[in-house]
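The values are calculated or read from the model by the stated rules, or taken from the named source; none is laboratory data. Owing to the predicted nature of the structure, the values given are computational and were not obtained by experimental measurement. Neighbour counts are summed over all protein chains in view; Cβ atoms, including those assigned to glycine, are modelled from backbone coordinates with ideal geometry.
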Amino acid sequence: MRSIAAQWARFGLLSECLGKGLRPKSPPILVMSLPRSGSSWVGAVLGHNRYALYLREPLTQSRIRAGSNSVVFPVERSQSPPVYERAATHAFSGIPMFPPSIVPFSKQWRLWRRWRRRVVVKEVNPLALDWLIEQYHPRVIFLVRHPAAVALSYRQLGWTEGALNLPLVEDNLPCDAREAGFWTRHGVFQGAVLQNALQALDGYGDAKIYRYEDICRNPIDSFRDMYDFADLPWNKSIRQYIVETTSEHTTASDSNNPYRVHRDTHAIAEAWRKKIEKRHVHKLREAFHRFSLSCYSAGEW
């Protein structure tokens, strides 16, 4: 248990009883998106608040630590993976039985005035939304990013297998699976996952959708709106943190980190346009628009 970030969460059942007895504010906040959509940045900005209890991918990272490589996968209401469900129960109850990589701001988790703080969970499996909403009733901030930017990021990181071979993708391919290349598969993957997630959010009153590009263009106002929605107090230090994390001065190591939170927002929002061939954009767009989605219309490609 030495790897647990918060001291009081190292004692198993005793820690669980302590956490459940001293509950944080309700409801918890869930920041959800596909991987490579900016949720690390958004989660860190919300989690930076002194009244937040921030957890970075407690479900996903716990599952990976248990030996699974799948990040985006369907989660059935009646058959959620045990390690996933255990991590979710601890996360949304505000019990930080996780290593420091998941609990980056350990000082937030002191028991003193815990009732004034609100859990903020950042996750990257939109196919789990239906289950998470039913089980834990979070306030959802759902983040979307242009499909071309997401696909390019996957490509650059070498993430060309895994989720792209889900039955959800195979069943919706517009051609023979053997003929479908990366860009077609990624269009289907994103379209199918986003359609599933938006259906889960449809009619759920405690959710708000943000576009990554809109946040990049106006980070101060966008995050101020998010803070209001999340019922977290806004102050000058938060504003300064946003200014610092949207600086154009990023280091090489920062740029290569998939979980980086510092970025030149004005440059990064549309950077994909100079890096993807038009024929690949066409394949991606054609596959993505097989689904009934209002985000990213034809004119935005």
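Tabulated values for the structure
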| quantity | calculated |
| --- | --- |
| Qualifying residues in the stretch 1-30 (those that are outside any loop (DSSP other than H, G, I, E, B) and of a type in the set (S, T, N, Q)) - the one farthest from SER106 (Cα to Cα) | SER26 |
| Residue count, the stretch 119-138 (criterion: surrounded by fewer than 22 Cβ atoms within 10 Å (Cβ to Cβ) and under 23 Å from GLY21 (Cα atoms)) | 5 |
| Some residue of the stretch 129-139 being in contact with a Pro (Cβ under 8 Å, 6 or more places away or on another chain), touching a residue at least 60 places away in the same chain (Cβ under 8 Å), under 15 Å from PRO74 (Cβ atoms) and in the same structural domain as SER222 (by TED's automatic domain parsing) | yes |
| Residues located in the stretch 12-45, provided they are over 30 Å from LYS208 (Cβ atoms), touching a helix residue (DSSP H, G or I) at 6+ places or on another chain (Cβ under 8 Å) and surrounded by fewer than 20 Cβ atoms within 10 Å (Cβ to Cβ) | GLU16, LEU18 |
| Entirely in the stretch 171-243, the helices (runs of 4 or more DSSP H) that have 2 or more residues that are outside the structural domain of ASN49 (by TED's automatic domain parsing), more than 27 Å from ARG117 (Cα to Cα) and touching a residue at least 60 places away in the same chain (Cβ under 8 Å) | 182-201 |
| Residues being farther than 16 Å from SER292 by Cα and surrounded by fewer than 21 Cβ atoms within 10 Å (Cβ to Cβ) - total across the stretch 172-206 | 12 |
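Yes/no per residue for (1) more than 24 Å from ARG211 (Cα to Cα); (2) within 18 Å of the chain's Cα centre (by Cα):
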| site | (1), (2) |
| --- | --- |
| GLU76 | yes, no |
| ILE102 | yes, yes |
| VAL124 | no, yes |
| LEU129 | no, yes |
| HIS146 | no, yes |
| LEU152 | no, yes |
| LEU166 | yes, no |
